[in-house]
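Trainee: Quick one: structure below, then a few questions.
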Amino acid sequence: RKIIFEKQWFYLDNAIGHIYGTTFEVTSGGNLQPKQEVEETTTETKEAGTDNRNIVDDGKSQKLTHDDIKALKDKGIKGQEIVQQLIENSTTFRDKTEFAQDKYIKKKKKKYEAVITIVKPSTRILSTMYYAREPGKINHLRYDTLAQMLTLGNVRAGSKMIVMETCAGLVLGAVMERMGGYGSIIQMYPGGGPVRAATSCFGFPKPFLDNLHEFPLSKVDSLLSGTFSTETLPSEPEDNMLVEEEEINELTEEKQTSLHETEEELTTEAAMEIKQAEEQETMDINADDAEFKENKEKENKENVREKQRKQWERRKKLIETAALLREKNADGLIVASKFHPTPLLLSLLEFVAPSRPFVVYCQYKEPLLECYTKLRERGGVINLKLSETWLRNYQVLPDRSHPKLTMSGGGGYLLSGITVVLDKGKADPSSLEALKMEEPSSKRCKVQDLNC
């Protein structure tokens, strides 16, 4: 199929079989050909100016027009030659500084040279791509914030993680990549089913997906209260299939008896010799109709069986996931959703073992502040931190390393902490005393003096 990327279209058929990191050149017809490495000849001494203060961008410095460049493309001239002609026909190129000339060449190469490098998908590449192109789909989760989440959540191989996210599966994919196929992941999802658009882009092998479980948020309360059941889903497929087969057999028997009755009515002694030919034709038509009906019944039967098999597998997985959650020994919890974090966190923390980390991401600070307050009142957590990461990109090149002018305004907020054993009988008094004891002694003395 045709791939359209950065205003360039091509077919990936010729890329199959090559290693990741191979650079291809888009030829005529959109076909990819591996690019031959050509050493750049630096025999010509570049003429460069001392500064760019006298250069005015009036749109007249380039002699080649848009039609001229289009004509060069139609002739089949390569992008490298087009860039060379653009340099030769630019009146201000020689007056630019060496750095400005390199920047100009790089910009024109990107525009006119159809070169593509295929890289292996990773968390860094996918998170950068999503944040640059469609940040709304991942709740504006910046890539450095995602890295902080993986670190604060202590995601590692062999652990049992609970992930609740509405970031198109990006956070789930990052956790799966970090765990490397060892351990188990339980994805909590809202609605009818989990969304894993970004997770499928990682290209994980089957063993990675075998350790992935899913559980609906709508059944969390019933699981905690002990009223969880899977009665809404069908029972074992074998029982249903037997019932279905009996119904189909009854229907076929009824049809056969009706056919026998019609045959007896038609085959009377008076009309046997006269309508023998017509009966033969109708018998052939009835046979064809019966065969068509049989095929249709078989298809319907197979579809019903397949549907029941899928429902049974889903029910079985749901029971297995519920058993995993009932153990209440998860090694970590990661929440990154568009919903309010407080009810989510308070319910999901019940499934996390003591002395385990949890991380909550939110695009805004206020919901996390409320969540912070509720956790302090509830108790059972220590080392609560509400943080925001600050990111600035730097250009690192010889003699021109400097921070980039454009930078991200904000990458969201993180609430992290560690679970401890919650003594429900003494939770409220101890938490209140702890809050009182946190006040500095000097402040307490001043309050007492004022009361006197």
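The values are calculated or read from the model by the stated rules, or taken from the named source; none is laboratory data. For clarity, every value in this text was computed on a predicted model and none was experimentally measured. Cβ sites come from the backbone with ideal geometry, for glycine too, and all protein chains shown count toward neighbours. The accessibility values were calculated without ligands, DNA or RNA, using every heavy atom of the protein model including side chains. Shrake-Rupley method; radii C 1.70, N 1.55, O 1.52, S 1.80 Å.
Trainee: Looking at the structure I just gave you, is Ala330 over 30 Å from Pro367 (Cα atoms), in the same structural domain as Glu214 (by the TED database) and modelled with pLDDT of 85 or more?
Mentor: Spelling it out, it is not the case that Ala330 is over 30 Å from Pro367 (Cα atoms), in the same structural domain as Glu214 (by the TED database) and modelled with pLDDT of 85 or more.
Trainee: Kindly provide the set of residues from the stretch 4-16 that are open to solvent by less than 90 Å² (accessible area, probe 1.4 Å) and within 15 Å of Lys120 (Cβ to Cβ), ordered by number.
Mentor: Passing the criteria: Leu12, Ala15.
Trainee: Among the residues of the stretch 393-410, count how many are within 29 Å of the chain's Cα centre (by Cα) and not in a loop (DSSP other than H, G, I, E, B).
Mentor: 1
Trainee: Here's a follow-up. So Glu370 passes all but one of these: (1) in the same structural domain as Val175 (by the TED database); (2) closer than 24 Å to Ser222 by Cα. Which condition number does it fail?
Mentor: Unmet for Glu370, out of (1) in the same structural domain as Val175 (by the TED database); (2) closer than 24 Å to Ser222 by Cα: (2).
Trainee: In the stretch 166-189, which residues are among the aromatic types (Phe, Trp, Tyr) and touching a helix residue (DSSP H, G or I) at 6+ places or on another chain (Cβ under 6 Å)?
Mentor: Within the stretch 166-189, none qualify.
Trainee: Which condition from (1) of a type in the set (Lys, Arg); (2) over 30 Å from Arg378 (Cα atoms); (3) in a loop (DSSP other than H, G, I, E, B) is the one that Lys328 breaks?
Mentor: Only one criterion in (1) of a type in the set (Lys, Arg); (2) over 30 Å from Arg378 (Cα atoms); (3) in a loop (DSSP other than H, G, I, E, B) is unmet by Lys328, namely (2).
Trainee: Now, a different point. Mind checking whether some residue in the stretch 306-322 is open to solvent by less than 50 Å² (accessible area, probe 1.4 Å), part of a strand (DSSP E or B) and either modelled with pLDDT under 85 or in the same structural domain as Tyr182 (by the TED database) (or both)?
Mentor: The answer is no; no qualifying residue exists.
Trainee: Follow-up. Looking only at the stretch 346-372, filter to residues that are open to solvent by less than 10 Å² (accessible area, probe 1.4 Å) and free of Cβ contacts under 8 Å to residues at least 60 places away in the same chain; which one of those is farthest from Val421 (Cα to Cα)?
Mentor: Leu368
Trainee: A follow-up question, please. If a residue counts only when it is open to solvent by 10 Å² or more (accessible area, probe 1.4 Å) and among the aliphatic types (A, V, I, L, M), which strands (runs of 3 or more DSSP E) contained entirely in the stretch 107-198 have at least 2 such residues?
Mentor: Because the criterion is at least 2 residues that are open to solvent by 10 Å² or more (accessible area, probe 1.4 Å) and among the aliphatic types (A, V, I, L, M), the strands (runs of 3 or more DSSP E) in the stretch 107-198 that meet it are 115-117.
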